[in-house]
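Structure record follows, encoded as structure tokens.
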Amino acid sequence: MSDFKVLDFNKKKADTIEQKRRAFNRIVFQNFLGAYSVIDDNGSIYPVTMVDIAGDGCSFQVPWNPRTDKKLAQGFEVNMRMYFTNASYIPVIMSVRHGKEVLGKDGNTYMQYGCEFDKSVASFEAMQSFIDFIYKFAEHSAIDKGDTKVYFK
């Protein structure tokens with residue numbers, strides 16, 4: 001009996017969609033969506049870098065100095081502002097699930113947090129629509145390979 005490798009086309013499709021979703025996330029986070037967080041008792045606001053977003057939560061990172069910075073505890077509540085314009089944002093509340101130190105492509109050290117959304121907050125409905133769009137975009141979008149001609153009248 002010979003060894004045959006069976007291809008699971010559904011898994012391959014799901015993997016491709018996941019790769020497209022993550023690539024689209026990076027573009028959105030780097031060029032479109034600004035995120036700021038309010039995480040201390042004084043209500044200080046500072047920018048964070050979004051890494052990924054999914055139906056249950058998101059991950060973000062902040063510059064990290066292990067000698068002077070304090071890691072957020074598991075369960076710590078984070079109030080995040082997801083800016084879609086310079087002045088308007090959707091507020092979301094999340095709980096920290098984990099944090100890990102990572103080395104960025106720029107050579108700097110960051111603390112990357114994975115958080116779970118509080119879906120009971122009314123504004124989460126708008127975030128859910130945004131997350132759904134990201135998933136649908138990844139599933140249905142096509143890659144422009146320059147092989148299609150566009151004619152304008």
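The values are calculated or read from the model by the stated rules, or taken from the named source; none is laboratory data. Since the structure is predicted, the reported quantities are computational estimates derived from the model, not experimental observations. Here Cβ is always computed from backbone atoms with ideal geometry, including for glycine, and neighbour counts include all displayed protein chains. Surface areas here come from the heavy atoms of the whole protein model, side chains and all, with no ligands, DNA or RNA. Shrake-Rupley method; radii C 1.70, N 1.55, O 1.52, S 1.80 Å.
In this simple spin-label approximation, residue 14 and residue 128 carry label points 7 Å from Cα along the Cα→Cβ vector, and these lie 2.3 nm apart.
Placing 134, 143, 90 in order of accessible area, with the largest value first and a 1.4 Å probe, yields 143, 90, 134. When the residues 120, 129, 141 are ordered by accessible surface, computed with a 1.4 Å probe over the protein chains alone, the sequence from largest down reads 120, 129, 141. Other residues whose C-beta falls under 10 angstrom from the C-beta of residue 110 contribute a net charge of -1, scoring Lys and Arg +1 and Asp and Glu -1.
Shape verdict for region 64-120, please, from the Cα gyration tensor: rounded (a/c under 1.5), prolate (a/b greater than b/c) or oblate.
Working: a/c = 2.48, a/b = 1.40, b/c = 1.76.
It is oblate, given that a/c is not under 1.5 and a/b is not larger than b/c.
A 1.4 Å probe over all protein chains sorts 140, 98 by accessible area into 140, 98, starting with the largest. Pairs from the table (70/100; 11/145; 11/136) lying more than 22 angstrom apart at Cα are 11/145.
In this simple spin-label model, placing a label point 7 Å from the Cα along the Cα-to-Cβ direction at both residue 3 and residue 140 gives a separation of 4.2 nm. Applying 0.36 nm per residue to the separation of residue 121 and residue 46 and subtracting their alpha-carbon distance, the gain on full extension is 24.8 nm.
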